[in-house]
Each structure stands twice: as structure tokens, then as C-alpha cells.
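For reference, the structure is listed below as C-alpha cells.
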Amino acid sequence: MIFDADLGPVSHLVAGFPGATVPTRGLDALRALDESGRIDILDLEFVRKDDVGVVSWVRAADVGAPAFAASASELIDGDDIAAVGATMANDSVAVIVVWEDRTLIDVIATWTGESGSILSEGPIEVADLVDTLDRIEEN
């Protein structure tokens, strides 16, 4: 495994909404996290599935979020859009966020600067965590 101490864990999230617009309160909260330095938004894309099931990549302005147009970097490709579209209901929109979690960057830099090395990193599936906690609680 190769670990880049200058890059935190990278994750993605897809949120879907009925209709033609994405509510902006969640996007505003996302921007606040980005501006605080806690995360770095690497890509923010929008997908529309019309009432007959046609999936298309759309601009932020098309879904009521013009302030987020500059956040699109096209890390998400056509295959990703098709995969998201397959999970969407007709007549809906989705936002795809790819972000870097920068929460522990300073800690990692300190440890590696003190001759430490990162031996492992990565996501933990929520379902696995819940199963483990349930087993612990049972015992």
C-alpha cells in the first residue's frame, strides 16, 4: 500500500432528491466544511433522471445550485454517472461529492516527521461497525 501523507482519505457520497432541484442548505454546509479546511471538495457533480428514465450530467445552475458551478472538476466520468443513474428514481436529481478528509493531516505529518510510518488507512464499512458494536453489546 502506498500512502501519501499530503493527501487525506478520499471518499464519495451520492445524495438523491425528488424533482428537479437540489436543496442548497446541505450544499452550504458542505461549503462551510471546505472553507474551514476540514475537507477539500475534489469534485461536485449533478445528475438528472427525467420522467422517462433518461440520465444526464447537468450543470449546477440546472438544479438550482449555480453557486457551486466552480466545484465541478470532472473526476466523475460517464461510467460513474450511469451507475448513479441506475440507482435513481425517475424525475429526480442527485449530487455526487468527492472529497478529501483533511482532519488528521497535521497529525499524520507530525508522526511521519517523528520517524513514524502509516501502516494502514482506509474506510470502515458502517454495517461492519454496527455488527461489531452489536456483538460487543451482547457480550
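The values are calculated or read from the model by the stated rules, or taken from the named source; none is laboratory data. Nothing here was measured: the structure is a model prediction, and the numbers come from that model. The accessibility values were calculated without ligands, DNA or RNA, using every heavy atom of the protein model including side chains. Shrake-Rupley method; radii C 1.70, N 1.55, O 1.52, S 1.80 Å.
A few comments on the model shown:
- Share of carbon and sulfur in the accessible heavy-atom surface of region 68-113 [1.4 Å probe, %]: 55 percent
- The residues of region 1-72 expose, per residue, 61 Å² of accessible area to a 1.4 Å probe.
- Principal-axis tilt of helix 126-138 within the chain, Cα atoms, nearest 10 degrees: 50 degrees
- Between 0 and 90°, nearest 10: helix 24-36 axis offset from the chain longest Cα axis: 30 degrees
- Acute angle (nearest 10 degrees) that the helix 78-87 long axis makes with the longest principal axis of the chain, alpha-carbon atoms: 80 degrees
- Percent RCO, i.e. relative contact order, over the chain, from Cα pairs under 8 Å lying at least 6 residues apart: 38 percent
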